[in-house]
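Following: one structure in C-alpha cells, then a few remarks.
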Amino acid sequence: ENETAQMFDMLRKNEADLVFTLDSHIYDSEFEICGERPENTHFVAASNHPLASCKTLLLKDILSEAFVMTEQGMSYRRILNEYLASLSMEIHPQLEIANPLQICSIIEKSQMLSFLPDFITEQHVQEGKLVFLPVQDCFITVWTQILIHKNKWRSPALNALIHYYTNL
C-alpha cells in the first residue's frame, strides 16, 4: 500500500485533519477537495551536462544515462515508472534518495539526471545550475491537492491553511 492510501485511511478514521498530496489527480466522493493545482515535471541535468545544449530529446536518448531518483514508491516517480512501463521502458537509477533537494544538489555537481516536479527545481534552473531537458515524448503532470473528509469540522487554523494554499 502506498503512502497516499495510508494517509486517506488516517483521514477516514479522523486520525488526520487533512491530506496534502503530490500525486496523480485524486477524486473520491468521501472527501472534499479544498484546493488543487497541477504541477509540471521535467527531467533535469546540470547546466554543463552534454545533453543540456540539446534542443530536442526523446526518452530513448536519455534512459541509458546515470540517474538519481526519489524512492520507488514516491508519487511522481511511481507515475513516471507507470508511464515508462506502458512504453516497455524503464529507468535503472544508480542512486535513490528520499530528499528531492538533496537530489538537486547531486545533479548540480555530477553528470547524473533526475526527474522532479518544477516547483522543486525552478530556483536551481533560474540560477543557471540546472536545466530542464526538452524530452518531447514525456509530459507528466502531478497534482498538489488538499483534501479533507466531507464531515470534518474546519477549525480556524485549518481554514487559514486552505486559504493560504489556494491564494499562493
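The values are calculated or read from the model by the stated rules, or taken from the named source; none is laboratory data. The structure displayed is predicted, hence computed values, not measured ones. All Cβ positions, glycine included, derive from the backbone under ideal geometry; neighbour counts span all protein chains shown. To get the accessible areas, we keep the full protein, side chains included, count just its heavy atoms, and leave off ligands, DNA and RNA. Shrake-Rupley method; radii C 1.70, N 1.55, O 1.52, S 1.80 Å.
List of remarks:
- Here Thr4 does not fit the description of being in contact with an Asp or Glu (Cβ under 9 Å, 6 or more places away or on another chain), under 27 Å from Val131 (Cβ atoms) and in contact (Cβ under 8 Å) with a residue 12 or more places away in the chain.
- Pairing residues of region 116-129 that are under 10 Å from Phe43 (Cα atoms) and of a type in the set (A, V, I, L, M) with residues that are modelled with pLDDT of 95 or more and open to solvent by 90 Å² or more (accessible area, probe 1.4 Å), at Cβ distances under 6 Å and at least 6 apart in sequence or on separate chains, gives no pairs at all.
- Residue in region 123-142 that is over 30 Å from Glu15 (Cβ atoms), open to solvent by 60 Å² or more (accessible area, probe 1.4 Å) and part of a helix (DSSP H, G or I) present: yes
- Only one of the listed residues (Val44, Val68) is within 16 Å of the chain's Cα centre (by Cα), touching a residue at least 40 places away in the same chain (Cβ under 8 Å) and under 19 Å from Asp137 (Cβ atoms). That residue is Val44.
- Of the helices (runs of 4 or more DSSP H) lying entirely inside region 1-112, the ones with 1 or more residues being farther than 24 Å from Asn159 by Cα and touching a Lys or Arg at 6+ places or on another chain (Cβ under 9 Å) are found at 100-108.
- Checking each residue in region 143-166 for being closer than 16 Å to Phe20 by Cα, part of a loop (DSSP other than H, G, I, E, B) and open to solvent by less than 100 Å² (accessible area, probe 1.4 Å) picks out Lys152, Arg154.
- Of all residues making up region 60-80, the number that are open to solvent by 30 Å² or more (accessible area, probe 1.4 Å) and either closer than 20 Å to Thr21 by Cα or not small (Gly, Ala, Ser) (or both): 9
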